[in-house]
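This report refers to the structure that appears directly beneath it.
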Amino acid sequence: MMVDISRRNALILGGVGIGGVAIGGTGFIMSQGSGSPMAPEPSAGNALVLPPELQSSNGVLTVALECSSQQVSIAGRDVRALSYNGGVPGPTLRVRAGDTLNVSLHNGLTEPSNLHVHGLHVSPEDNSDNMFVTIEAGDSYDYRYELPAAHPPGVYWYHPHHHGFVADQVFGGLYGAIIVDDAEEIPATRERVLVISDITFTASGAIPAAAQMEKMSGREGELVLVNGQLTPELGARPGERERWRVINACTSRYLRLQLDGQQLTLLGIDSGRFESARDVDEVVLAPGNRADLLVTARAGTSTLRALPYDRGASGGMMGGGSSTSAEVSLATFAVDGASTEEFPDVPDQLVPNDLRSATVTAQREFVFAMGMGGGMNGGMMSATINDRTFDASRVDATVQFESVEEWMLTNTSTLDHPLHLHVWPMQIIEQGGRTVESVIWQDVVNIPARSTVRVRVAFDDFRGRTVYHCHILDHEDAGMMGIIQAV
Ligand code: C2O
Ligand code: CU
Ligand code: CU
């Protein structure tokens, strides 16, 4: 049976958690303990379940989140993982431009953590999206995020960001979606949040520590999950239009997504929407990227697949692994029944900002490099930006508030690095020597191995100190991160 948690039901479900502590599972059917010390085989093919949703009303959303290590159901198995409010992924937070989002986070882990609202254009200071807050084990912290009235709509997400612990905590299950709704709704039959993540379990249902070699290329989990499920089933009728909010929450894995036989229209990547919606055959998401997609259903059964993506090899000739992921089936999309209504095309919209004709006041170069020796943990690996690893007491780039800068991002290594900048999105100007003809804003921009990308950034609306880093989270934890301050 197809269980489709409609937004309304999800809201009721989610509403239980407002002001409370534990919201409970994300709607997983809690599996019965088998009594055996061995975890059962992962089970696939259940109806897709959406994370519970918490939605703002009257301009405010107040949420209590608790991160902890506990028994949860993932891929149909009873396993010990990390979760927000007992669910993997955590609840979806749905807000609008101009809203205030209050998150009270209790750290129920045995190590430090904190919270980052990835992609939101909010202040990096005080108790907003401040990367220098540490919440010790057992402590709580109250975040308050004020979205500007002109905040772009789109798909965002939250995850921990305590340097040195990020890859383990995200891989362990700590992530959830944030949706900033459109000012004017795009007609669709239904909306689905699809949080794609990867994870590995031992036979006893624990998450193994990553080996040094895996960290070098960036760990990839053996199971690729959609909303914590293995190849869930989605059902629709021909002609129905679905809005898919897809998040690549994988620690290192790139997702080259295809859905054969269906019509895909890409509305935007990361924040905001494109000037014109684009019909696409595939969407490539680096770790941290999101896609805002319309799927117009056609009769037949399709498989949502992640195709092999070659993100280079670590260590060059020195024996590091190749990082081409194998093809994975993520979900099935079964379309049958009577045809339904037709939907109008998505109208073009004015893109609020285009920096191609802006006055650039500073140029900067960032060089991403990897090497053997001299780095973290006994000299196995170094992952640097401009020859340096992260130092919380050093500001690497001081930029003028309200200026526009052009950044040359050069990757000298044999592995792709997805650069992520907090607070201010980047407009892609040139990729692999080719000028980008359309207006593309992203907060994670892939820099392919041995290549250069040019972006422009407008340091608008906020002053303060935050970070930019590689979103292969093992690289970030290894120090491929710098501090930027807008003054
Ligand atoms: Cu998604 Cu600095 O992170
Ligand atoms: Cu971020
Ligand atoms: Cu990297």
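The values are calculated or read from the model by the stated rules, or taken from the named source; none is laboratory data. All figures in this text were calculated on a predicted structure; none of them were measured in a lab. Reconstructed Cβ throughout: ideal geometry from the backbone, glycine too, with neighbour counts over all protein chains shown.
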Next on the checklist: Going through E136, E191, E184 one at a time, which residue ends up being outside the structural domain of C470 (by TED's automatic domain parsing) and free of Cβ contacts under 8 Å to residues at least 24 places away in the same chain?
Outcome noted: E184
Checklist outcome for this item: Scanning the stretch 447-461 residue by residue, the ones that are touching a Phe, Trp or Tyr at 6+ places or on another chain (Cβ under 8 Å) and away from ligand 3 (no atom under 11 Å from the Cβ) total 7
Next on the checklist: For a quick check of your reading of the model, give me the residue pairs whose first member lies in the stretch 109-122 and is under 19 Å from C250 (Cα atoms) and of a type in the set (S, T, N, Q), whose second is away from ligand 1 (no atom under 14 Å from the Cβ) and assigned to a loop (DSSP other than H, G, I, E, B), with beta-carbon atoms closer than 7 Å and at least 6 apart or on different chains.
Outcome noted: N114/T134
Item to check | Residues that are in a loop (DSSP other than H, G, I, E, B) and either buried (at least 20 other Cβ atoms within 10 Å of the Cβ) or within 14 Å of ligand 2 (Cβ to nearest atom) (or both), drawn from the stretch 464-487 | outcome: H471, I472, A478, G479, M480
Next on the checklist: Please return the ranges of strands (runs of 3 or more DSSP E) entirely within the stretch 355-446 where 1 or more residues are on the phi > 0 side of the Ramachandran plot and either away from ligand 3 (no atom under 16 Å from the Cβ) or under 25 Å from the mean Cα position of the chain (by Cα) (or both).
Outcome noted: 362-375
Next on the checklist: Checking the condition at pLDDT 95 or above, surrounded by 15 or more Cβ atoms within 10 Å (Cβ to Cβ) and of a type in the set (G, A, S), which residue from S393, S403, S323 passes?
Outcome noted: S403
Next on the checklist: Quick check on D461: is it among the acidic types (D, E), surrounded by fewer than 18 Cβ atoms within 10 Å (Cβ to Cβ) and more than 16 Å from ligand 1 (Cβ to nearest atom)?
Outcome noted: yes
Checklist entry - From F201, F171, F165, which residue is more than 15 Å from ligand 1 (Cβ to nearest atom), in the same structural domain as S113 (by TED's automatic domain parsing) and in contact (Cβ under 8 Å) with a residue 60 or more places away in the chain? => result F201
Checklist entry - Only one of E275, E242 is surrounded by fewer than 19 Cβ atoms within 10 Å (Cβ to Cβ) and within 13 Å of L194 (Cβ to Cβ); which? => result E242
Item to check | Test: R245 is at pLDDT 95 or above and among the basic types (K, R) | outcome: yes
Checklist entry - Are any of the residues in the stretch 132-146 surrounded by fewer than 24 Cβ atoms within 10 Å (Cβ to Cβ), assigned to a loop (DSSP other than H, G, I, E, B), within 13 Å of ligand 1 (Cβ to nearest atom) and of a type outside the set (V, I, T)? => result yes
Checklist entry - Can you tell me which residue in the stretch 465-483 is nearest to ligand 3 (Cβ to nearest atom), limited to those that are touching an Asp or Glu at 6+ places or on another chain (Cβ under 7 Å) and more than 13 Å from H161 (Cα to Cα)? => result G482
Item to check | Subset tally (residues that are closer than 19 Å to N127 by Cα and either touching a helix residue (DSSP H, G or I) at 6+ places or on another chain (Cβ under 7 Å) or among the β-branched types (V, I, T) (or both)) for the stretch 447-466 | outcome: 1
Checklist outcome for this item: Here the residues within the stretch 340-359 that are closer than 17 Å to V436 by Cα and not polar (S, T, N, Q) are V351, D354, L355, R356, A358
